[in-house]
1. As an exercise: evaluate T57 against (1) hydroxyl-bearing (S, T, Y); (2) at pLDDT 80 or above; (3) surrounded by 10 or more Cβ atoms within 10 Å (Cβ to Cβ) and give the number of the one condition it does not meet.
2. Tell me whether the range 62-71 contains one or more residues that are surrounded by 10 or more Cβ atoms within 10 Å (Cβ to Cβ), under 29 Å from the mean Cα position of the chain (by Cα) and modelled with pLDDT under 70.
Amino acid sequence: MNKQSISKESLTDWKRLGALQDEDIDLTDAPEITPEMFAKAVVRRGLKPPPSKQQITIRLDDDVLIWFRAQGEGVSNADQCSAARVSWKRVGRDRRL
């Protein structure tokens, strides 16, 4: 068995980067982090990982699909799924279609 690394050797000039001073680094493409951004940050260390999501395929009646599309671009999938869940509970999920 070949134990040679298959990854390419780094082309980064680490010595040059290590010698750079903070004021020499070009940050024009990185936005400044504001106190508001820090206030919204979530530290996940020690917390359970967020629940995973699964992709599914469902068949919808045309009128249901039209309703979802009419909600607009700004409505997230989570909002749409939540609305669908509430509607499904109203109709009665035990009813066989």
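1. Of the numbered conditions (1) hydroxyl-bearing (S, T, Y); (2) at pLDDT 80 or above; (3) surrounded by 10 or more Cβ atoms within 10 Å (Cβ to Cβ), the odd one out for T57 is (3).
2. yes
The values are calculated or read from the model by the stated rules, or taken from the named source; none is laboratory data. Here the structure is a predicted model, which means the values were calculated and not measured. We place every Cβ from the backbone using ideal geometry, glycine too, and count neighbours over all the protein chains shown.
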